[in-house]
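The values are calculated or read from the model by the stated rules, or taken from the named source; none is laboratory data. Treat the numbers as computed from the prediction; the structure is a model and nothing was measured. When we count neighbours, we look across all protein chains shown, and the Cβ atoms used for this are built from the backbone with ideal geometry, even at glycine.
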Amino acid sequence: MIEADGRSDTEKVFNLLKSIERLVLDESAKSLYLISIGEKAELIAKLYKERQRNTQETLEALKSLIAEINAARKEQAEKNMTPKVFSVYWLFKNEGVANPEGKAAQMETVLTRFPHWRNSEKHEREVKRELYKILLQNGNSYHPKR
């Protein structure tokens, strides 16, 4: 347990940041949802280093990220989705997209049709075009939480 390990809160913050960073580096290629979690961790670290958050606030934010990672892993196991589809589902769900499971399944077809979307500008454009179509289908509008 994080609270009872006898280390200072500052040490806990840096250890948690290192652990999350290592996890993201090691597993984000197959579990893409970890990229957004890694970005959140980077923001938390930046705010802490710039003294915009104190140690306790930072520790709580990092504990929340750990809980998000654990919840994602549990939900992925329960839903029995491939890592690619689950990552899309998780991002849609966290952004408040209606029917995230169905839309993630549609995106699986798109990603299969354009397998080089990470390296090919043409494939990336096509994936984005299809993504917007899926998000806007049935007259629904998409308004990101940010």
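For this structure, a couple of remarks:
- The stretch 105-134 residues that are in the same structural domain as W90 (by TED's automatic domain parsing), paired with ones that are among the polar types (S, T, N, Q) (beta carbon under 6 Å, 6 or more apart): I134/Q106
- Test: residue in the stretch 57-78 that is on the phi > 0 side of the Ramachandran plot and not acidic (D, E): no
- Applying a threshold of 8 Å to beta carbon distances and a minimum spacing of six or more residues, or different chains, the list of pairs starting in the stretch 46-65 at a residue that is farther than 18 Å from K18 by Cβ and ending at one that is assigned to a helix (DSSP H, G or I) reads Q56/D9.
- Selection status of K30, free of Cβ contacts under 8 Å to residues at least 60 places away in the same chain, under 26 Å from S87 (Cβ atoms) and part of a loop (DSSP other than H, G, I, E, B): yes
- In the stretch 97-140, of all residues being within 18 Å of A29 (Cα to Cα) and of a type in the set (F, W, Y), the one that is modelled with the lowest pLDDT corresponds to W117.
- Residue match in the stretch 88-96 (condition: loosely packed, with under 12 Cβ neighbours inside 10 Å and either farther than 29 Å from K18 by Cα or at pLDDT 90 or above (or both)): yes
- Odd one out for A77, checked against (1) within 22 Å of L23 (Cα to Cα); (2) surrounded by fewer than 14 Cβ atoms within 10 Å (Cβ to Cβ); (3) at pLDDT 95 or above: (3)
- Qualifying residue in the stretch 101-112 (condition: under 21 Å from E39 (Cα atoms) and either of a type in the set (G, A, S) or in contact with a Lys or Arg (Cβ under 9 Å, 6 or more places away or on another chain) (or both)): no
- The stretch 24-42, subset among the hydroxyl-bearing types (S, T, Y) and crowded, with 19+ Cβ neighbours inside 10 Å, residue nearest to F92 (Cα to Cα): Y33
- Search result, residues across the stretch 104-120 that are among the basic types (K, R) and either surrounded by 19 or more Cβ atoms within 10 Å (Cβ to Cβ) or part of a helix (DSSP H, G or I) (or both): R113
- Answer from A67, A45, A72 - the residue that is part of a helix (DSSP H, G or I), exposed (fewer than 14 other Cβ atoms within 10 Å of the Cβ) and among the aliphatic types (A, V, I, L, M): A67
- Test: L59 is farther than 26 Å from K133 by Cα and in a helix (DSSP H, G or I): yes
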